[in-house]
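The values are calculated or read from the model by the stated rules, or taken from the named source; none is laboratory data. Bear in mind that the values here come from a model prediction, so they are computed numbers and not experimental data. FYI the Cβ positions are ideal-geometry reconstructions off the backbone, even for glycines, and counts take in every protein chain you see.
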Amino acid sequence: MSNNIVSKFLNWMKSAAGFSITATIVIAVLASIASGPYLLVNTIVTGGMLALVATGLTLMLGVLNIAMFAHGEFFMIGSLTAYYVFTPISNYIGENPESFIAVIGPLIAMAGAAIVGAISGIVAEKLVFGPLRKRSTDNWVMNSFLLTVGLSMLLINLHQLIFGADFKGIVGYWTGMPVSIADVFISRDRAMAFVIAVIVVSLFWFFMTYTRTGMAIRAVSQDITGAQIVGIDIEKIVLLTISLACALSAVAGGSLLFMYPSYPTVGLEPLYLAWFVVILSGLGNILGAVAGAFMVALLKVITVEYIGAGWDFVVPSALIMLILIFKPSGIFGSDVRGALDK
Amino acid sequence: MDNTITSQQMNPFDKLLDKLCLTPVGLLGLVLLFALPYIPPFNQEYMLRWLIYCGFIAAMSVGFDLTAGYISIVNFGYAAVSGFGGYTSALLVINMGLSPWLAMAAGGITAGFMGLIIGMISLRLRGIFAACLSWFFGLAIMGLATKMVWLTRGPLGLRTPRLFETDSNAPFYFLMVILLFLIYLACKLIVRSKMGLAFQAIGQNMDAARASGINPVYYRVFNFTVSCAIAGILGGFYAHFYGILTPDVMHTSKTVEVLAVAYIGGRGSLWGGAVIAFPFIFIMEIVRSTLSNLPGLNLVIYSLVLILVMIYYPGGFSYFYDTHIRKPKNKVLRYFLNGRK
Amino acid sequence: MLLEVKNLDAGYGYLQILRSVSLNIDKGEYVCIVGPNGAGKSTTMKTIAGLISPMGGGIIFNGEDITGLSASQITKKGISFVSEEMNLFVNMSVRENLYMGAYIIKDKKIQNERLDFVFSLFPRLAERKDQLAGTMSGGERKMLAIGRGMMSDPKLLLVDEPSFGLAPQLVANVFESLDVLKDQGVTIMLVEQNVTKTLAVTDRGYILENGKIGLQGASCDLADDPHVRKVFLGV
């Protein structure tokens, strides 16, 4: 019996997925032994948030067949909402530091970000994607992609026009001493950001795997005609998916506000990192996206640590290009729907 | 239709026009572009600067459309490749003392080489992933340009000598219009030849094209190379016109600007983007400069137009022109719009 | 009458394929539509299932006008469609696929009852309930598709070309399973190219040619009809 598990594990290790996950863990551990545990902490916090953005992206790609270029802008919407919700709350906290608002205030801001993100996703579907879908679905992937390019540009510049181009940030969500875990000090905000990411991603995963609606979303992404045949209302699922995806991205933006202040193009970095994750992990694979998010985060953190800040544009993109060239369906991707030209 | 007979019947003027891939209205437009610096209010220097920028975007959109419109792949790293050509050209002038003219050509060649690489590595990928790959490629080059401060001075900007030793913008403007026309002509001649058919076959259905004996490897890579070489030459022009080069020219938003013009103008027409760029970019510049208290308004309008066109009129301006304007009843007018064909 | 199709016109885009097709099915019947390639058999099925919206005519199911309803609404009315391409969810397990088949049933208990029923029909599926649908053989996938169609406890089961792309042995299996369903009292409408076999097992048949109903009648009569014999059976 145990022999069986061992051999299964060894086989898994030989697959691209097993190998890369193991390699990631090993590299992460080695790097943090060499340069200090903060590396691991950074990786985990960035990875957790990236997982939120990337799962949304992979969902959009799988269910709606939209290669989302404007996903970073929903991150931006999230951070902007959190800023405007949290600023009055933090003033209140400043006057009454002992009130319970100090504890749940940041959560209110993040919930606000999620709600506004979901609503703006629905608005985008109703005003932009829906009309295109009604008019024509010829060449859908490319046309919808171009629409998202326009949408991204629109949202960035609306932000600049209405709220200005300055950095709108906060000092921090939770005040107080940093949390210490095994001699490593982590600021409360970072710890909470990670916890929130874990909770949201696992709730989301549970939703997608076990609930009727989550299964319907997966069914639509695998075979849209099949989904219609079994009685799934496609329009409802589309709306739900887009609002979920945008809310995930917005939550990431909201809970990272202490690291990334809100400004018009704040979404660009999460966007391309999330795209790295999607390419790395293959399409429509939620668990793969989560694992890929931590890999990309590690790659970024290590690049910044050992090669220098700014190079995180270069090294990860070069690596992702290599993956696209040699394993176009991604590390965890099945060959059912690959990146290859049909 | 037998082409030889019709071309014998054509008079020399029409023949020349046909060789230059122009219709009479196109020729008129070109003449108008040449005359524009003498017509007030366009004879002011700042307006000429805007017009040069219009011409730059117009020419970029022509080169971009060669890939996007014919083999249906959006080269999302187009601005980056262009900037790469610009940097090559600028560095050759500064460090090797090459003449800016030669350096521009060298910029074109190196950018074409970049295109060759992008074409090769994106060969097996589906449209959207090829777009992603070229995007990542662009991000990587832009990252390099930002970080190799010892070479490019990074975000501080690289001072480059200008092409003409004069304060006037007029020579630059004329050069831009000539470049625009030459680029249009080169692309048009390519797509008119047998190659153009092969491009369209590949763009519509890769497998069917392969089955009918078209080698997609060759044509796709060739297309990328030419299109990127054009971007490189234009990048060189950009560098030696503005006299300063920052990694911002490689930014994705620049590609988006070109893409928007190309698609609003009409995908797969080549001339659509070039025609639409002048009024469109010009108006955007007016909006930007007169409403400078509302930063970003021009780009909001820009993106709204792109979204509306993509939803309600994906054929763009060229499709509108072809279906509604091109076939008037009047014979003279028809000749004017279509040439003798 | 369970299903009544009256003067149905349908097609793709501007291309009209069906011209004034009328047919009907009574409860408990096993009816087939046969005809040459491109006659519009699959189009008929897809139009009834709501995947194609009709250009004209009407469809009445169980006394209710269902013309122009969406596919999901029609499934909720009690028509289940097993398409030629099967349209399985390839990255889901057999069990998940079957549960999705019962999507319109919200009660988990009834879902499980249906699952047991389908597993009793196709014990093979029960053996492989955790396997991904995409990794199964052609015959097993066909079974899964039919099983999924049964999960919603349909009043009418539309089956499109179940023998398509299958080895003869597997074709026999599929027909056997349809027989079992018929014995259970399920109303079935079958589209097939395998004319001999189909006319041998069904009660009644329609011959579809060039988008029109050519002949109709009891299957045994059709099998003896000289025109049918000449065109389809080559004798």
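Per-structure values
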{"read-out": "Residue that is surrounded by the fewest Cβ atoms within 10 Å (Cβ to Cβ) [pool: residues in the stretch B:145-160 that are of a type in the set (A, V, I, L, M) and closer than 12 Å to residue B:95 by Cβ]", "value": "B:151"}
{"read-out": "Lone qualifier among C:22, C:83 - being of a type in the set (Ser, Thr, Tyr) and within 30 Å of residue A:212 (Cα to Cα)", "value": "C:83"}
{"read-out": "Scan of the stretch B:284-318 for residues that are within 13 Å of chain A (Cβ to nearest Cβ), more than 22 Å from residue A:127 (Cβ to Cβ) and not hydrophobic (A, V, I, L, M, F, W, C), ordered by number", "value": "B:288, B:292, B:293, B:295"}
{"read-out": "Complete set of residues in the stretch B:68-93 that are of a type in the set (A, V, I, L, M, F, W, C) and in contact with a strand residue (DSSP E or B) (Cβ under 7 Å, 6 or more places away or on another chain)", "value": "B:90"}
{"read-out": "Sole exception among (1) within 12 Å of chain B (Cβ to nearest Cβ); (2) surrounded by fewer than 24 Cβ atoms within 10 Å (Cβ to Cβ) for residue A:259, by number", "value": "(1)"}
{"read-out": "Single residue of the stretch B:244-262 satisfying the filter (among the polar types (S, T, N, Q) and within 23 Å of residue A:146 (Cβ to Cβ)) that is surrounded by the fewest Cβ atoms within 10 Å (Cβ to Cβ)", "value": "B:253"}
{"read-out": "Subset of the stretch C:185-201 that is assigned to a loop (DSSP other than H, G, I, E, B) and at negative phi - its residue that is surrounded by the most Cβ atoms within 10 Å (Cβ to Cβ)", "value": "C:186"}
{"read-out": "Conditions (1) closer than 23 Å to residue C:93 by Cβ; (2) of a type in the set (A, V, I, L, M); (3) under 15 Å from the mean Cα position of the chain (by Cα); number of the one not met by residue C:186", "value": "(1)"}
{"read-out": "Within the stretch C:202-233, tally of residues that are in a strand (DSSP E or B) and either in contact with a Pro (Cβ under 9 Å, 6 or more places away or on another chain) or farther than 25 Å from residue C:10 by Cβ (or both)", "value": "3"}
{"read-out": "Residues being part of a helix (DSSP H, G or I), more than 7 Å from chain B (Cβ to nearest Cβ) and surrounded by fewer than 23 Cβ atoms within 10 Å (Cβ to Cβ) - total across the stretch A:156-172", "value": "2"}
{"read-out": "Residue in the stretch C:166-178 that is of a type in the set (Gly, Ala, Ser), modelled with pLDDT under 90 and buried (at least 22 other Cβ atoms within 10 Å of the Cβ) present", "value": "no"}
{"read-out": "Flag if residue A:289 is crowded, with 21+ Cβ neighbours inside 10 Å, at pLDDT 90 or above and aliphatic (A, V, I, L, M)", "value": "no"}
{"read-out": "Matching option when the condition is more than 14 Å from every other protein chain (Cβ to nearest Cβ), surrounded by 24 or more Cβ atoms within 10 Å (Cβ to Cβ) and not acidic (Asp, Glu), among A:87, A:81", "value": "A:81"}
{"read-out": "Residues that are more than 12 Å from chain A (Cβ to nearest Cβ) and outside any helix (DSSP H, G or I), drawn from the stretch B:244-261", "value": "B:244, B:245, B:246"}
{"read-out": "Leading residue by the ranking (nearest to the other protein chains (Cβ to nearest Cβ)) among those in the stretch B:127-172 that are of a type in the set (S, T, N, Q) and in contact (Cβ under 8 Å) with a residue 24 or more places away in the chain", "value": "B:146"}
{"read-out": "Options B:88, B:67; residue that is surrounded by 13 or more Cβ atoms within 10 Å (Cβ to Cβ), within 14 Å of chain A (Cβ to nearest Cβ) and of a type outside the set (Phe, Trp, Tyr)", "value": "B:67"}
{"read-out": "Residues located in the stretch A:135-155, provided they are in contact (Cβ under 8 Å) with a residue 24 or more places away in the chain, facing chain B (nearest Cβ under 7 Å) and farther than 23 Å from residue A:266 by Cβ", "value": "A:141"}
{"read-out": "Residue ID - modelled with the highest pLDDT, chosen from residues in the stretch A:82-110 that are polar (S, T, N, Q) and out of contact with any Phe, Trp or Tyr (no Cβ under 8 Å at 6 or more places or on another chain)", "value": "A:87"}
{"read-out": "Tally, over the stretch A:209-254, of residues that are hydrophobic (A, V, I, L, M, F, W, C) and under 30 Å from residue A:83 (Cα atoms)", "value": "12"}
{"read-out": "Residue match in the stretch A:120-134 (condition: out of contact with any helix residue (DSSP H, G or I) (no Cβ under 6 Å at 6 or more places or on another chain) and away from chain B (no Cβ under 14 Å))", "value": "no"}
{"read-out": "Options B:241, B:336, B:237: the member that is over 30 Å from residue B:150 (Cβ atoms) and either away from every other protein chain (no Cβ under 14 Å) or surrounded by fewer than 24 Cβ atoms within 10 Å (Cβ to Cβ) (or both)", "value": "B:336"}
{"read-out": "Out of B:32, B:36, B:22, sole residue that is assigned to a helix (DSSP H, G or I) and either of a type in the set (Asp, Glu) or in contact (Cβ under 8 Å) with a residue 12 or more places away in the chain (or both)", "value": "B:36"}
{"read-out": "Segments classed as strands (runs of 3 or more DSSP E), wholly inside the stretch C:22-126, with at least 3 members that are in contact with a strand residue (DSSP E or B) (Cβ under 9 Å, 6 or more places away or on another chain), surrounded by fewer than 20 Cβ atoms within 10 Å (Cβ to Cβ) and away from chain A (no Cβ under 13 Å)", "value": "C:56-61"}
{"read-out": "Spans of helices (runs of 4 or more DSSP H) in the stretch B:122-234 with at least 2 residues within 17 Å of residue B:60 (Cβ to Cβ) and in contact with a Phe, Trp or Tyr (Cβ under 7 Å, 6 or more places away or on another chain)", "value": "B:127-147, B:170-192"}
{"read-out": "Candidate set: the stretch B:262-283, residues that are within 14 Å of another protein chain (Cβ to nearest Cβ) and assigned to a loop (DSSP other than H, G, I, E, B); chosen: the one modelled with the lowest pLDDT", "value": "B:268"}
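Results for (1) under 27 Å from residue B:128 (Cβ atoms); (2) aliphatic (A, V, I, L, M); (3) part of a helix (DSSP H, G or I); (4) at pLDDT 85 or above, shown as yes or no for each residue.
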{"residue": "A:17", "(1), (2), (3), (4)": "yes, yes, yes, no"}
{"residue": "A:24", "(1), (2), (3), (4)": "yes, no, yes, no"}
{"residue": "A:31", "(1), (2), (3), (4)": "no, yes, yes, no"}
{"residue": "A:42", "(1), (2), (3), (4)": "no, no, yes, no"}
{"residue": "A:63", "(1), (2), (3), (4)": "yes, yes, yes, no"}
{"residue": "A:77", "(1), (2), (3), (4)": "yes, yes, yes, yes"}
{"residue": "A:80", "(1), (2), (3), (4)": "no, yes, yes, yes"}
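Okay, residues lined up against (1) in contact with a helix residue (DSSP H, G or I) (Cβ under 9 Å, 6 or more places away or on another chain); (2) modelled with pLDDT of 75 or more; (3) surrounded by fewer than 24 Cβ atoms within 10 Å (Cβ to Cβ):
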residue	(1), (2), (3)
A:1	no, no, yes
A:6	no, yes, yes
A:49	yes, yes, no
A:54	yes, yes, no
A:70	yes, yes, no
A:73	yes, yes, no
